[in-house]
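Data block below; observations after.
The values are calculated or read from the model by the stated rules, or taken from the named source; none is laboratory data. What you are looking at is a predicted structure, and each value in this text was computed from that prediction instead of being measured. Glycine gets a Cβ as well: all are built from the backbone with ideal geometry, and neighbour counts include every protein chain shown.
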Amino acid sequence: MKVKILTIFPELFPGFLGTSLTGKALDEGKWSYEAVNIRDYAFDKHGSVDDTPAGGGAGMIMRPDVLGAALQDCYHGGRLLNMSPRGAPLTQAKVHELAAEQELTIICSRFEGIDERVLEVFGAEDISIGDYVLTGGEQAAMIMLDAIIRLLPGVLGNDESFVSESFEDGLLEYPQYTKPAEWQGRRVPDVLLSGHHQKIADWRHLQSEIVTEQRRPDLWKKYLASKKI
Ligand code: SAH
């Protein structure tokens, strides 16, 4: 997968994506990135990319002409994403959808956001990583990319390992245990030591349902509705 990132802080990349599984995948060419500095497209020698909001108010807004020039030069089709708290929430289903793309272009903004016109003209898709506000789109883009890259073929050693993960079947994951079998007077549930595969699978499924119902009533409702269909 090829990733193009438009940012005023290209030095932030690859950041933590350069370590561990995502870093190994980068070294192996399973994904590559180019961080384009939006300031290179500014019209003045100071590299100004922002200006005051039309209609007044706090903060600065990224100018459509500067970002537009950057997009004109380096965006040649494919999925165009803009990180924004106003976007569609990033879900594991969306992550799978994006992991199937050959090429992604991601706009990372700072300040109060971006002039709406440039997003309309280039048909950018707003994506949010959650209902809270960060200082910049770069952090959000890295989290989204981390989730995408681990799904690329061959990145996780064992392709089984995400089949039973949280969100994959609409449920949170069951509790996990390892050795020792007893620690601080607490035993690993007997069923997990029984060697009985069907019983283990049934226990895990039940635990997934219990934990989802308790912690995420929103997911639980959707899960029940999907079972009825
Ligand atoms: N004024 C904006 C917030 C700007 S935060 C608003 O109220 O909607 C500055 C930048 O950080 C945003 O433009 C966006 O690129 C990024 N950002 C902040 N929170 C984010 C989130 N939850 N998901 C994705 N990007 C986010």
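Is one or more of the residues making up the stretch 64-76 of a type outside the set (Gly, Ala, Ser) and touching a Gly at 6+ places or on another chain (Cβ under 8 Å)? Looking through the stretch 64-76, none of the residues is of a type outside the set (Gly, Ala, Ser) and touching a Gly at 6+ places or on another chain (Cβ under 8 Å).
Looking only at the stretch 74-81, decide whether some residue is of a type in the set (Phe, Trp, Tyr) and at positive phi. No - not one qualifying residue is present in the stretch 74-81. Scanning for something under 26 Å from residue 1 (Cβ atoms) and either among the aromatic types (Phe, Trp, Tyr) or within 12 Å of the ligand (Cβ to nearest atom) (or both), does the stretch 42-61 turn up at least one residue? Checked the stretch 42-61: no residue is under 26 Å from residue 1 (Cβ atoms) and either among the aromatic types (Phe, Trp, Tyr) or within 12 Å of the ligand (Cβ to nearest atom) (or both). Selection of helices (runs of 4 or more DSSP H) fully inside the stretch 136-229 by the criterion of at least 1 residues being more than 16 Å from the ligand (Cβ to nearest atom), of a type outside the set (Ser, Thr, Tyr) and free of Cβ contacts under 8 Å to residues at least 60 places away in the same chain returns 197-215, 217-228.
When 48, 32 are checked against the criterion of being of a type in the set (S, T, N, Q), closer than 29 Å to residue 146 by Cβ and at pLDDT 95 or above, a single residue qualifies: 32.
Condition check: within 16 Å of the ligand (Cβ to nearest atom), in a loop (DSSP other than H, G, I, E, B) and not basic (Lys, Arg). Does residue 126 satisfy that? Against the criterion (within 16 Å of the ligand (Cβ to nearest atom), in a loop (DSSP other than H, G, I, E, B) and not basic (Lys, Arg)), residue 126 does not qualify.
Yes or no, residue by residue, for (1) away from the ligand (no atom under 11 Å from the Cβ); (2) modelled with pLDDT under 95; (3) touching a strand residue (DSSP E or B) at 6+ places or on another chain (Cβ under 9 Å):
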| position | (1), (2), (3) |
| --- | --- |
| 86 | no, no, yes |
| 90 | no, no, yes |
| 94 | yes, no, yes |
| 120 | yes, no, no |
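Restricting 21, 67, 71 to those that are more than 16 Å from the ligand (Cβ to nearest atom) and of a type in the set (A, V, I, L, M) reduces the list to 21.
Within the stretch 130-170, being within 19 Å of residue 4 (Cβ to Cβ) and of a type in the set (Val, Ile, Thr) holds for 143, 148, 149.
Just one of (1) under 30 Å from residue 21 (Cβ atoms); (2) out of contact with any strand residue (DSSP E or B) (no Cβ under 9 Å at 6 or more places or on another chain) fails for residue 191. It is (1).
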